[in-house]
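As structure tokens, the structure follows; a few thoughts come after it.
The values are calculated or read from the model by the stated rules, or taken from the named source; none is laboratory data. Keep in mind it's a predicted model, so treat the numbers as computed, not measured. FYI the Cβ positions are ideal-geometry reconstructions off the backbone, even for glycines, and counts take in every protein chain you see. Just so you know, the surface numbers come from the protein's heavy atoms only, side chains and all, with ligands and any DNA or RNA stripped out. Shrake-Rupley method; radii C 1.70, N 1.55, O 1.52, S 1.80 Å.
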Amino acid sequence: MTLVIRREPLNSAVAHELITALNTELAAMYPEPGATHFRLDPEEVAEGRGAFMVALSQAIPVGCGALRVIDARTAELKRMYVAPAVRGQGIAGAVLEALETEARRLGVQQLVLETGIRQLAALALYRRTGYQPIPPFGEYVASPTSVCLAKDL
């Protein structure tokens, strides 16, 4: 499989397709009121403030992830997704690596993220790549289905 990871505008058709699939999956997985956190604004992933990355296999969009700078030291990973048909092929890890590289380029020292208690593959990926549990932060503080993690770069 040839995988290309590239920056993509958040308001592009490709981004919309992947984010719609992610939102549909998460809404089904977490039907509880207030359990999903879908917000991400285009300016948060603009050059110099973050990034939205898309993974393409044979020119077909198969995954994505975003990075938004929170402050001078910290950025948050968001909107990580891989299409179900191609999971288990290292795509999420490649997107994660690209986002970590971009974070370092931006001078970020720590990455934080939120994932859900039912996303076992995501939890395994993050723990395998050095992310450690942290207390809930920001909009996730009151979410009983959230797991927050961080990694120093």
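Listing for the model above:
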{"quantity": "Selection from the stretch 101-112 of residues that are touching a residue at least 24 places away in the same chain (Cβ under 8 Å) and either farther than 10 Å from L67 by Cβ or among the β-branched types (V, I, T) (or both)", "calculated": "R104, G107, V108, Q109, Q110, V112"}
{"quantity": "Qualifying residues in the stretch 63-101 (those that are charged (D, E, K, R), open to solvent by 20 Å² or more (accessible area, probe 1.4 Å) and out of contact with any Gly (no Cβ under 8 Å at 6 or more places or on another chain)) - the one modelled with the highest pLDDT", "calculated": "E97"}
{"quantity": "Some residue of the stretch 21-34 being in contact with a Leu (Cβ under 7 Å, 6 or more places away or on another chain) and either open to solvent by less than 70 Å² (accessible area, probe 1.4 Å) or modelled with pLDDT of 95 or more (or both)", "calculated": "no"}
{"quantity": "Some residue of the stretch 123-142 being in contact (Cβ under 8 Å) with a residue 40 or more places away in the chain, closer than 21 Å to G88 by Cβ and open to solvent by 40 Å² or more (accessible area, probe 1.4 Å)", "calculated": "no"}
{"quantity": "Qualifying residue in the stretch 44-57 (condition: in a loop (DSSP other than H, G, I, E, B), free of Cβ contacts under 8 Å to residues at least 12 places away in the same chain and surrounded by 13 or more Cβ atoms within 10 Å (Cβ to Cβ))", "calculated": "yes"}
{"quantity": "Enumeration of residues in the stretch 123-149 that are in a loop (DSSP other than H, G, I, E, B) and within 14 Å of P33 (Cα to Cα)", "calculated": "A142, S143, P144, T145"}
{"quantity": "Scope the stretch 113-122; condition open to solvent by 20 Å² or more (accessible area, probe 1.4 Å) and touching a residue at least 12 places away in the same chain (Cβ under 8 Å); matching residues", "calculated": "E114, I117, R118, Q119, A121, A122"}
{"quantity": "Qualifying positions in the stretch 102-112 - in contact with a Leu (Cβ under 9 Å, 6 or more places away or on another chain) and either modelled with pLDDT under 95 or open to solvent by 30 Å² or more (accessible area, probe 1.4 Å) (or both)", "calculated": "R104, L106, Q109, Q110"}
